[in-house]
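Since the structure comes first, as structure tokens, the remarks are kept for the end.
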Amino acid sequence: MDEVAQSQDMKRLCAVSDIVDGKAMDFDIELGGIKRILFAVRKGDEVFVYLNYCPHMGRPLNFAPGRFLMKDDVEIFCAFHYACFRIEDGYCTDGPCRSSSLGRFETRIEDGEVFVGQTLEWPEPRTEEAPAV
């Protein structure tokens, strides 16, 4: 796919600088004709974007705007059932949905702007044990 077509499949979310490094931010956005509630986590120059939806109970992960990370900011945290997810891939390392993953969106950064794909990607459940934290 050429770069022009690729850009048309992506939608601007925000500037990278809008998200504090090591923190998360939530968004309401229309993607692929569907209103989505998602959140983005920034780690340095990388941004990871997920659907704000716990695979265990189908509830939003956060209890307050922008509150998605544990106190040490190393994992995504479900405030309702205490599930923990890796920031880099949304894989559940602990809690009632262990070995499930968060729904994620393809993400690209261009000229300091974050773009997301318009299609939600649901990773297949994994059977291997999550590494000890």
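Most mobile of Glu46, Glu75, Glu110 per a Gaussian network model of the chain (Cα springs, under 10 Å)?
For the chain, modelled as a Gaussian network with Cα springs under 10 Å, the answer is Glu110.
Quick one: plug the Kirkwood hydrodynamic radius of the chain (C-alpha pairs) into Stokes-Einstein at 20 °C, 1.002 mPa s, and report D in µm²/s.
Working: Rh = 15.1 Å.
Result for D is 142 µm²/s.
In whole Hz, what ³J(HN,Hα) sequence does the stretch 75-85 give by Karplus (6.51, -1.76, 1.60; θ = phi - 60°), x for Gly and Pro?
Computed from phi, the couplings for the stretch 75-85 are 9, 6, 9, 8, 5, 8, 10, 6, 6, 10, 10 Hz.
Cross-link candidates for Lys43: which lysines have Cα within less than 23 Å, leaving aside residues fewer than 8 places away along the same chain?
Lys11, Lys23, Lys71
Can you check what the net charge comes to around Ile19, using other residues whose Cβ is under 11 Å from the Cβ of Ile19 (Lys, Arg +1; Asp, Glu -1)? Let's see the in-between values first.
On the way: positive: Lys23, Arg42, Lys43; negative: Asp18, Asp21, Asp26, Glu46.
In short, -1.
Show that you can apply the helix-only estimate: for the chain, add -39,500 (n - 2.57) for every DSSP H stretch of four or more residues, divide by all residues, and state [θ] at 222 nm to the nearest 500.
Values: 1 runs with 6 residues, N = 133.
Helix contribution divided over all residues of the chain: -1000 deg cm²/dmol.
How high is the relative contact order of the stretch 3-120, in percent, counting Cα pairs under 8 Å that sit 6 or more residues apart?
Numbers: 247 pairs, mean separation 31.1, N = 118.
Relative contact order here is 26 percent.
Bear in mind these aren't lab numbers, they're just calculated from the coordinates by the rules spelled out. Because the structure is a prediction, the values reported are computed rather than measured. Reconstructed Cβ throughout: ideal geometry from the backbone, glycine too, with neighbour counts over all protein chains shown.
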